[in-house]
1. Take the conditions acidic (Asp, Glu), open to solvent by less than 10 Å² (accessible area, probe 1.4 Å), more than 27 Å from Asp46 (Cα to Cα) and in contact with a helix residue (DSSP H, G or I) (Cβ under 7 Å, 6 or more places away or on another chain) and apply them to Asp188. Does it pass?
2. In segment 1-26, which residue that is of a type in the set (Phe, Trp, Tyr) and open to solvent by 50 Å² or more (accessible area, probe 1.4 Å) is farthest from Ala184 (Cα to Cα)?
3. If Asp68 satisfies every condition in (1) in contact (Cβ under 8 Å) with a residue 24 or more places away in the chain; (2) open to solvent by 60 Å² or more (accessible area, probe 1.4 Å) but one, which is the exception?
4. Out of the residues in segment 80-103 that are out of contact with any strand residue (DSSP E or B) (no Cβ under 6 Å at 6 or more places or on another chain) and in a loop (DSSP other than H, G, I, E, B), state the one that is least open to solvent (accessible area, probe 1.4 Å).
5. Assess whether Glu235 counts as being acidic (Asp, Glu), at pLDDT 85 or above and open to solvent by 40 Å² or more (accessible area, probe 1.4 Å).
6. Give the number of residues within segment 164-208 that are within 16 Å of the chain's Cα centre (by Cα) and of a type in the set (Gly, Ala, Ser).
7. Condition test on His29, is it open to solvent by 50 Å² or more (accessible area, probe 1.4 Å) and more than 30 Å from Ala149 (Cα to Cα)?
8. Here is a list: Ile151, Ile159, Ile198. Which entry is without any contact (Cβ under 8 Å) to a residue 60 or more places away in the chain, more than 26 Å from Val310 (Cα to Cα), assigned to a helix (DSSP H, G or I) and hydrophobic (A, V, I, L, M, F, W, C)?
Amino acid sequence: MEHLVRRRYWWFAFSLLIILPGLYMLFLHPLLTTGRPGIGLRPSIDFAGGALWELRFPDVTPETLSTDRIAQAFAVAGFESAQVQISPTVVDGKPVAAALVRTRPLSESDPNAEIDAAMKALTDAFGTVSRERLESVGPTVSAESTRSAIIAVLGASLIILLYLTWAFRKAPHPFRYGVCAIIAMLHDVLVVLGIAAILGATIGLEVDALFLTALLTTLSFSVHDTIVVFDRIRENLINRHPAETFDDIVNHSLVQTLPRSINTQLTTFFTLTALLLFGGDTIRNFVLILLIGLISGTYSSIFNAAQLLVVWEHREWRNWFKRGRQDEVEVRSGA
């Protein structure tokens, strides 16, 4: 435990190892696959706009349901390029053919006519068709949702920076605490977005309003644990012994808060795991993102935020990676 701070660059390297695949999926993968720059997330209709149809086909077996036939029926009704995903369900113990279809937004002037046309085309092709759910979001609303999401994340970051600077105003260099907390929080955002991009490409996870809620909750997880660690560092700085270095104080503070941080987060971890396993499909993605954010936030508060204070204290950017070796030489010579 006495080596937590001394091995800070190992913790930074591990964070980088986790973040890099996500950054590839976020930025490089869309460019390499489509030839155009973009963000490698799968936005839901909340952010991309469009209509989402949830349909059941009681006269068709799940094995014979075809995505091409469904897309063709929507094309007949005027919905070109419909994206169809077969999703069989179980009703009264029997499998029922079902599908999720994503189309352009419904007309604002006469949406009922377009709905009737689509349902008629589906009925002609498949017999009885029941519409379980229909959501439509226009491009204006989706653009406002995207803008609001960005403002929410930036606004939360600014408020956290100002609050931490004020809360640690009696500690040396209080602004550092706020900046290091924001950098650790940015680490968690990149981890969550990167894993979301990977899951979007592999299992079709979509970014929706619940995803944004989970992301903002992740920020609170991260900052909450970081404040606990920083507060202990501040207390130990006030009561420091003359022979103690800043590195020793940070390391001692981490050792003191590590059991509390892990035990506190484990209670939430067990609850979220139970929800992930038994909570149902509607909240599964939401809980999964919360779990990822909880783990990342716990790690970043201990192995990133506090370590960054040490880096800043010694201004190690002037000789990157050299101080770690100097520390080891000093320890060996002292031994």
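1. Taking the combined requirement at face value, the residue does not satisfy it.
2. Only one residue tops the list, namely Tyr24.
3. Of the numbered conditions (1) in contact (Cβ under 8 Å) with a residue 24 or more places away in the chain; (2) open to solvent by 60 Å² or more (accessible area, probe 1.4 Å), the odd one out for Asp68 is (1).
4. The initial filter retains those residues of segment 80-103 that are out of contact with any strand residue (DSSP E or B) (no Cβ under 6 Å at 6 or more places or on another chain), namely 80-81, 90-95.
Still in the running and in a loop (DSSP other than H, G, I, E, B): 80-81, 92-93.
Working: Glu80: 119, Ser81: 105, Asp92: 148, Gly93: 69 Å².
Restricting to residues being out of contact with any strand residue (DSSP E or B) (no Cβ under 6 Å at 6 or more places or on another chain) and in a loop (DSSP other than H, G, I, E, B), the top hit is Gly93.
5. So Glu235 fits the description; yes.
6. 7
7. no
8. Only one candidate qualifies: Ile151.
The values are calculated or read from the model by the stated rules, or taken from the named source; none is laboratory data. Worth saying up front: this structure is predicted, and the values here are computed from it rather than measured. Every residue, glycine as well, gets a Cβ built from its backbone with ideal geometry; the counts of neighbours run over all protein chains shown. Note: areas computed on protein heavy atoms with side chains; ligands, DNA, RNA excluded. Shrake-Rupley method; radii C 1.70, N 1.55, O 1.52, S 1.80 Å.
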